[in-house]
1. Does region 87-94 include one or more residues that are in contact with a strand residue (DSSP E or B) (Cβ under 6 Å, 6 or more places away or on another chain) and at pLDDT 95 or above?
2. Check whether at least one residue in region 48-56 is in contact with a strand residue (DSSP E or B) (Cβ under 8 Å, 6 or more places away or on another chain) and farther than 24 Å from residue 122 by Cβ, and report yes or no.
3. Would you point out the residue of region 136-151, among those that are assigned to a helix (DSSP H, G or I) and out of contact with any helix residue (DSSP H, G or I) (no Cβ under 8 Å at 6 or more places or on another chain), that is nearest to residue 57 (Cα to Cα)?
4. Tell me, which residue of region 105-129 that is within 30 Å of residue 11 (Cβ to Cβ) and in contact (Cβ under 8 Å) with a residue 60 or more places away in the chain is surrounded by the fewest Cβ atoms within 10 Å (Cβ to Cβ)?
5. From the list 2, 8, 39, which residue is surrounded by fewer than 19 Cβ atoms within 10 Å (Cβ to Cβ), in contact with a strand residue (DSSP E or B) (Cβ under 8 Å, 6 or more places away or on another chain) and under 22 Å from residue 180 (Cβ atoms)?
6. For region 96-135, give me each residue that is in a strand (DSSP E or B) and within 25 Å of residue 194 (Cα to Cα).
7. If a residue has to be outside any helix (DSSP H, G or I), touching a strand residue (DSSP E or B) at 6+ places or on another chain (Cβ under 9 Å) and crowded, with 17+ Cβ neighbours inside 10 Å to count, how many in region 171-192 make the cut?
8. What's the number of the condition residue 199 fails, among (1) touching a residue at least 60 places away in the same chain (Cβ under 8 Å); (2) on the phi < 0 side of the Ramachandran plot?
């Protein structure tokens, strides 16, 4: 996370809402030979206290969960290179604006009989965002195929003990300078979700 406190102006509720809406992140855990990382969809509880996710049984992280382990879940949003020329003021340097939220806590493997409920909850959460599509459900699968596939994945729960967010949106610039940079990001930026990031930059001085 960026060390400048000016980029940590979002409260816990905003950081949690961002992570909950995004629903996809990078799970990291220490291992004897170095960090292990997995890219995972997840469900964050309404109170922000727990994360539900699943891992393929052969995932090296899953193999470490014979007991609860300390982990971090990094959730990224829009990002872009920012050219100094877009500020239209002298003596500026390039930078990269972005949004990222880190959840820290403890990950544990849950009993296998919780896998179906987790699968149903995850698929329902994402399917309902695909309106007007009729939601997919596990009931569309053959029972034996579903059972075989569920045996290949394990349910996990992360207990969240810390929340931190970096919203690096050029808050250290004046409103007019920041808005010109936002225009540059939206028109020419290099990164992802450029229009969303530009809108966040424009609102950062509010």
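The values are calculated or read from the model by the stated rules, or taken from the named source; none is laboratory data. Note that this is a predicted model, so its numbers are computed, not measured. With ideal geometry, Cβ positions are generated from the backbone for all residues, glycine too; neighbour counts draw on all protein chains shown.
1. Here is the first cut: in region 87-94, the residues in contact with a strand residue (DSSP E or B) (Cβ under 6 Å, 6 or more places away or on another chain) are none.
No - not one qualifying residue is present in region 87-94.
2. no
3. First, pick out the residues of region 136-151 that are assigned to a helix (DSSP H, G or I): 138-140, 143-150.
So of that shortlist, the ones also out of contact with any helix residue (DSSP H, G or I) (no Cβ under 8 Å at 6 or more places or on another chain) come out as 139-140, 143-145, 147-149.
Numbers: 139: 23, 140: 23, 143: 20, 144: 18, 145: 17, 147: 14, 148: 12, 149: 11 Å.
Only one residue tops the list, namely 149.
4. If we take residues in region 105-129 being within 30 Å of residue 11 (Cβ to Cβ) and in contact (Cβ under 8 Å) with a residue 60 or more places away in the chain, then 121 is surrounded by the fewest Cβ atoms within 10 Å (Cβ to Cβ).
5. Result: 2 is the single residue among 2, 8, 39 that is surrounded by fewer than 19 Cβ atoms within 10 Å (Cβ to Cβ), in contact with a strand residue (DSSP E or B) (Cβ under 8 Å, 6 or more places away or on another chain) and under 22 Å from residue 180 (Cβ atoms).
6. First pass over region 96-135, keeping only residues in a strand (DSSP E or B): 96-109.
Result: 96, 97, 98, 99, 100, 101, 102, 103.
7. Going through region 171-192, the residues outside any helix (DSSP H, G or I) turn out to be 171-174, 189-192.
Pick out the ones that are also touching a strand residue (DSSP E or B) at 6+ places or on another chain (Cβ under 9 Å) and you get 189-192.
From the residues that got through so far, the ones that are crowded, with 17+ Cβ neighbours inside 10 Å too are 189.
Qualifying residue count for the region: 1.
8. (1)
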